[in-house]
1. May I ask you to compute the full-extension gain from residue 75 to residue 39, defined as 0.36 nm times their residue separation minus their alpha-carbon distance, rounded to one decimal in nm?
2. Return 146, 178 ranked ascending by Cβ neighbour count within 10 Å, so the fewest neighbours appear first.
3. Distance in nm between label sites at residue 67 and residue 147, each 7 Å beyond Cα in the beta-carbon direction?
4. Order these by the 10 Å Cβ neighbour count, fewest first: 115, 198, 84.
5. Please give the length that would be gained between residue 48 and residue 162 if that part of the chain were fully extended, namely 0.36 nm times their separation in residues minus their C-alpha to C-alpha distance (nm, one decimal).
6. Count the net charge of all other residues whose Cβ sits under 11 Å from the Cβ of residue 130, scoring Lys and Arg as +1 and Asp and Glu as -1.
7. Please give the residues of the stretch 155-180, grouped as numeric ranges, whose backbone N is less than 20 Å from a label point set 7 Å along the Cα-to-Cβ vector of residue 90.
8. So how do 70-80, 152-162 stack up, highest first, on mean other-Cβ count within 10 Å?
Amino acid sequence: MQNSDAALDKEERLKRDIKTMINTPLEVTKDKRDQEIQEQAAAIRTIERPEGRYSINEAVILLLAETGEYFRVGKATWNGDLRSYAPGSIKPVISAGNNPKDWMKYDDAAEILWSDLNDWLAKNYPLVKFRFPKGKAKQGTSQSSDDWKDKARAIADKLALERHQRGEREITARNISDAVATELAKDSTTHGTRGERSGGNIRNLALKGWKFIPPTGTNGTSGTKK
């Protein structure tokens, strides 16, 4: 068990612990449960989230810690009252509507923007004073939020040139994005709020409009975007 725990990163352990706590039997004393809630909330507040995204469980725990009451964030997300996104994606998740049996499949995937959470609270619970903070950028770096996109495009240029030199001619953002994701994952400063970026995330955000320009001239030049 210890080896398994060591293999989990901080956020994965937090996600597991939050689920464990939510499913704790009711016979657990209120004092102990309140203490667990505060401990989980404290851990959630330390997570770096430069894009201001919270999972459903994180939102529930923070509201519990701040107000002492349970808010149905999951239901609001799943039935479409509260907009949510797949991890790292800019495309909203399609709500499951009012069919409860479809709700739980969105539990792990859905992320909610801090601003949407605050708008939802203001509209539906005006007496709640707590507001979700946007979050903080990764410490120890002065990089802008778009630096990872520049790195992704540079990697795409390099990989595209290598493929072209091997004889490949059909080189697009779609068929190179997964390879870019593999290389980009090696640089932790490029990770998103939920960890390593997926090929789809890179294609939609960093490689949108990117096009490989085949080498020209006697010695050739690197492919670029335009």
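Laboratory data are not the source of any read-out in this text; all were calculated from the coordinates shown. Everything numeric in this text was worked out from a predicted model, so none of it was measured. Positions of Cβ are generated from backbone atoms using ideal geometry, with glycine treated the same way; all protein chains shown enter the neighbour counts.
1. So the chain would gain 10.5 nm between residue 75 and residue 39.
2. Ordered from fewest to most neighbouring Cβ atoms within 10 Å, 146, 178 come out as 146, 178.
3. Label-label distance for residue 67 and residue 147, simple model: 3.7 nm.
4. Least crowded to most crowded, the residues run 115, 198, 84.
5. Using 0.36 nm per residue and subtracting the Cα-Cα distance, I get 37.5 nm.
6. Neighbourhood net charge equals 0.
7. Label zone hits: 155-157, 172-180.
8. 152-162, 70-80
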